[in-house]
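Student: Below is the structure I would like to discuss, written out as structure tokens.
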């Protein structure tokens, strides 16, 4: 029977580095440094042409835009003061938990 023999590659057996250096691998050999792209933003103040602020066309446009963005006033006035006269006696107040009067509590 014949034996299969593989040709031996002499260059594969020799080390790639010189004999005086160590066999360490740097991180740059494993993965290259990524290229960082500069971020471009589309946010910010929109560019407008220069104009005189007190000029009437610009001033009219500005007042209209401010009126749109301003909150509208409501005519309804809510009175949060619920003072109906005398303050009840602290002994006649009701308990929040048991809904009983403090004067009726015997503890």
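Here, each number is a calculation from the coordinates, and none is a lab measurement. Everything quoted here is computed from the prediction, not taken from an experiment.
Student: Stretch residue 23-residue 53 to full length: gain in nm at 0.36 nm per residue minus the Cα-Cα span?
Tutor: Contour length minus Cα-Cα distance gives 3.6 nm.
Student: Can you give the extra length, in nm with one decimal, that the chain gains between residue 68 and residue 42 once fully stretched, where that is 0.36 nm per residue apart less the Cα-Cα distance?
Tutor: Residue separation times 0.36 nm, minus the Cα-Cα distance, leaves 6.9 nm.
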